[in-house]
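Shown next, in structure tokens, is the structure this report addresses.
The values are calculated or read from the model by the stated rules, or taken from the named source; none is laboratory data. Not measured: the values here are computed from a predicted model. Because the Cβ atoms are built from the backbone with ideal geometry, glycine has one as well, and the counts that use them run over all protein chains shown. Surface accessibility is based on the protein's heavy atoms, side chains included, excluding ligands, DNA and RNA. Shrake-Rupley method; radii C 1.70, N 1.55, O 1.52, S 1.80 Å.
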Protein chains: 2
Amino acid sequence: MDGPCLRTQTGCGSQKRAPTTITAIRLTPVLVADPPLLNTQGVHQPYTPRLIVEVTTAGGATGLGETYGDTKYLDIARPLADALAGRPVTDLNALPRIAAEVCGDSPAATGAGDVTAAGLRGVQTAGKLRLSVLSGFEVACLDAWGQLTGLPVHALLGGKVRDRVDYSAYLFYRWAAHPGGRGEPDDWGAALDPDGIVAQARRFRDTYGFRSFKLKGGVFEPAREIAAVRALAAAFPGHPLRLDPNGAWSVPTSLKAARELQDVLEYLEDPTSTTGHMAEVAAGTDLPLATNMCVTTFDEIREAFTRDAVQVVLADHHYWGGLRSTRELAAVCRTFGVGLAMHSNTHLGISLAAMTHVAATVPGLRYACDTHYPWQTEDVLTERLAFTDGALPVPDAPGLGVTLDRERLAALHARWLADDGTFRDRDDAAAMRAADPEWVTPRVPRW
Amino acid sequence: MDGPCLRTQTGCGSQKRAPTTITAIRLTPVLVADPPLLNTQGVHQPYTPRLIVEVTTAGGATGLGETYGDTKYLDIARPLADALAGRPVTDLNALPRIAAEVCGDSPAATGAGDVTAAGLRGVQTAGKLRLSVLSGFEVACLDAWGQLTGLPVHALLGGKVRDRVDYSAYLFYRWAAHPGGRGEPDDWGAALDPDGIVAQARRFRDTYGFRSFKLKGGVFEPAREIAAVRALAAAFPGHPLRLDPNGAWSVPTSLKAARELQDVLEYLEDPTSTTGHMAEVAAGTDLPLATNMCVTTFDEIREAFTRDAVQVVLADHHYWGGLRSTRELAAVCRTFGVGLAMHSNTHLGISLAAMTHVAATVPGLRYACDTHYPWQTEDVLTERLAFTDGALPVPDAPGLGVTLDRERLAALHARWLADDGTFRDRDDAAAMRAADPEWVTPRVPRW
């Protein structure tokens, strides 16, 4: 594929179909190894589902996208893939309408898939599921479009305003291994106390050069997590630190923690659940509050911003419906003086590349982006993305600038095929029950 | 220019420079005939200055843009054109930074060019001037980029979501001719009372098919303008009507007019000046208030939206810094439940095409867009854009889909060259003094 033009009627080629026309979409669900990382809901499963989207065009380009791979996402992705065949990869503004049309009757769309407000993404709705699915298609379309024109994805978004994107170390309480020895082993060992967290942070810094550190909290009682943050502050004086209890705390607990950590935290992330509770906390502290729980769609912004409930939104292109919507979110945040950072869930290199392209185009991105990528030892790319000094260079190759490794993809898909259903739907509480049969998803506030 | 690819290193061509690289920018100020249209500041001059921007790339494309042509805009456009040579047409996110850098010391940038809050665009600042100038460059870059890839500008903005864009008839109180017989004659005659306005509206409807009617007010005492709107309502029952006094009224006058016109107006546009006064009016009426005066930059949104001062923002890509920023404005408005329509100042076909492309991509555009275009009998295109049933079809040709007529451009530029300075800077109050030597720009509120 050597740079054909996109002209429909005339041009380099003589196809009747425009080079941008989608001729095929391949969906490949995979299961990816995930370490036993703890959060307030439970623990990561040994394997987590992801969906790899390949959009092929008449011009011979194949673009890559990636999104959640749970059954309820696949149920939306399949009809959406069918509906997009024959349309141009450039027709991105139509994606929400098409997704709503083809998914109108899916169980997910009718609300049958709703989960509680304690979910790690707040209340899950059919609309949120659709946005997550179409984000994978949007990224794949942009990748294909970029390849067809020789332009990097960031150029299709108006061009990069920085040459590198800073990422943050994502620290987790974790076990040395999954219960019963399931999953893929690693050599990180357990991290269940301040010393363990500091050791984990040191390894992240030494290996990747990360300067910012985020601790996933909501796992242990607040005093224990506050002690871990203070240990990080002592070990890495002056480095930006964050703590994310995933909404597990009450308003008083959040306010107490904010007071105790005000001098060392860059921001406190989702200490408590719901916009109303976040607003109460925000009113009682000068520490900025960040969220990827109470503001994850445009519909949730108005109340949160007018109540000054959050000072930083953690964008996630999977949540917000793609890279272009992420840029719109950034515009809304700029307009209202709300900061922007970037959230991450378990993901592979395709999504990391997508995050890097869009982050490169957003003016005023003051915070390092979160990423789980170092925890994912498996990928579907020929070459892993490599952090240097805690950052990724912004790719200038056409499209996303990543290449699919079909053997690796096939191997991870084979694992998905062989799975008996245990891991095809991520369920951190179910994974926790492998260690603690009595475990139920905690009600919030937990503390 | 037959669809070369944009690849930098390899591809269809063998240029060392990428086809997207800007090789030359030509700036051509013109003077365009303008009828004696009245507004609260005075009257349109016989000729109004516009600037035509041509961006030529290494790939052989020449993109067109258009913006204000007054001296203070030209003073910014010239160094910006110099700074953009050698950069890619895709590098649009960098435009605000580059414009700020190269214009940092211009008189306009230092605030020397500020005008009063009574200006038709609210308070004019250096930042607003820069945005208006760079909008012309952004449109020209998009046009060139579209030509290089065979894609219409709307596709570069993510694709059209409608095939036609509705426009509104823009009714003006006007004289039959300019004072002293200056300027170019036309056959519209005077319109200074309800009958004249209704006759004007009929001609607009019969000629162009417009279904929405906007009356530029703030010219006569409110009762006279309210009578004209009621005459329109009687002549065109059920048609959307708007009245725009350009901020000339007090809060009590605005509230009284809102009560009297509530049953016939689609919205009331800028009845009074400043966000605070608009908020007072909005609190006292159910009639939606629209603005292109108190909200013309992102910095002005937060106060206006949180105070619910405006229910519709009239976007203008010249004001907001281009088509991509206009889409961001639309996203902010959607997020806050604020409607979007489109403002127009005296403009030619290049800007009308640009308006049409961006309007085609914005979901939920419920209001017909304003346009002065029917009042401009002169243009720089080989073919005028033609309204059918009050709408323009969305062009699917590469780029903007318009072609420059160099002879017409040269003729309008020759008029600018020959001008002794009288018309190079639009000044509606000065134009009014040709008829009324005692005229001064009215203070607001005027009524």
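Annotations for the structure displayed:
- The overall shape of region A:364-447 is oblate: from the C-alpha gyration tensor, with semi-axes ordered a ≥ b ≥ c, the ratio a/c is 1.5 or greater and a/b is no larger than b/c.
- Close amide-amide hydrogen proximity is noted between A:ASP34 and A:TYR47, A:THR48, A:GLU184, each under 5 Å apart and 5 or more residues distant or on a separate chain (H modeled in the peptide plane; Pro and chain starts excluded).
- Projected label points at A:ASP82 and A:ASP427, each 7 Å from Cα along the beta carbon direction, are separated by 2.8 nanometres.
- Calculated from backbone phi, Karplus (6.51, -1.76, 1.60) coupling profile of region A:353-364 in Hz, x at Gly/Pro: 5, 4, 4, 5, 4, 6, 4, 5, 9, 8, x, x
- Candidates B:GLY322, B:GLY339, B:GLY104: whichever shows maximal mean-square fluctuation once chain B is modelled as a Gaussian network with Cα springs under 10 Å: B:GLY104
- Take every pair of alpha-carbon atoms less than 8 Å apart whose residues are at least six positions apart; their mean separation over the length of region B:219-365 yields a relative contact order of 16 percent.
- What separates the Cα centres of region A:340-354 and region B:18-89 is a distance of 40 Å.
- Annotation for B:GLU260 and B:ARG26: the two label points, set 7 Å from Cα along the Cα-Cβ direction, are 5.3 nm apart.
- Global geometry of region B:158-393, whether rounded, prolate or oblate, following the gyration tensor of its Cα atoms and the 1.5 cut on a/c: oblate
- Interface area, chains B and A: about 3300 Å² of buried accessible surface, summed, with a 1.4 Å probe and ligands, DNA and RNA left out.
- Potential extension, B:LYS16-B:ARG366 segment - 0.36 nm per residue separation minus Cα distance: 121.3 nm
- For B:GLU260, inter-copy label distances in nm, listed shortest first [label point 7 Å out on the Cα-Cβ vector]: 6.7
- For chain A, DSSP calls about 55 percent of its internal beta bridges antiparallel.
- Given charges at beta-carbon only (K, R positive; D, E negative), |dipole| of the protein assembly as shown in Debye: 500
- Element breakdown for the protein assembly as shown at a 1.4 angstrom probe: carbon and sulfur atoms account for 50% of the accessible area.
- Label-point gap, in nm, between A:ARG202 and B:GLU303 - each point 7 angstrom along Cα→Cβ: 5.4
- Taking amide H as placed 1.01 Å from N in the peptide plane, B:ARG211 has its amide H under 5 Å from the amide H of B:ALA169, each at least 5 places away in sequence or on another chain.
- Peptide packing for A:187-196, A:215-224, B:399-408 was compared via the average number of neighbouring C-beta atoms within 10 Å per residue; ordered from the highest value, the list is A:215-224, B:399-408, A:187-196.
- For chain A, the relative contact order works out to 21 percent when only alpha carbon pairs closer than 8 Å and six or more residues apart are counted.
- Solvent-accessible area per residue, Å², over the protein assembly as shown with all protein chains present [probe radius 1.4 Å]: 34
- The simple Förster model, with R0 at 45 Å and r as the Cβ-Cβ distance, assigns B:ALA410 and B:GLU101 a FRET efficiency of 0.90.
- Under a Gaussian network description of chain B, with springs only between Cα atoms under 10 Å, the residue in B:THR67, B:THR377, B:THR21 that fluctuates furthest is B:THR377.
- Dipole size of chain B about its Cα centre, with +1 on Lys/Arg Cβ and -1 on Asp/Glu Cβ: approximately 740 debye, rounded to the nearest 20.
- Neighbourhood net charge (10 Å Cβ-Cβ; Lys/Arg +1, Asp/Glu -1) for A:PRO179: +1
- Distances from B:ALA190 to itself in the other copies, using label points 7 Å out along the Cα-Cβ axis, amount to 9.5 nm in increasing order.
- The alpha-carbon of A:LYS128 sits under 18 angstrom from the alpha-carbons of these lysines, leaving out residues fewer than 8 places away in its chain: A:LYS72.
- Cα gyration tensor shape of the protein assembly as shown, rounded if a/c is under 1.5, else prolate or oblate by comparing a/b with b/c: prolate
- Per-residue Karplus couplings for region A:397-410, computed as 6.51 cos²θ - 1.76 cosθ + 1.60 with θ equal to phi - 60°, are listed in order as 5, x, x, 6, x, 10, 10, 6, 9, 5, 5, 5, 4, 4 Hz, Gly and Pro entered as x.
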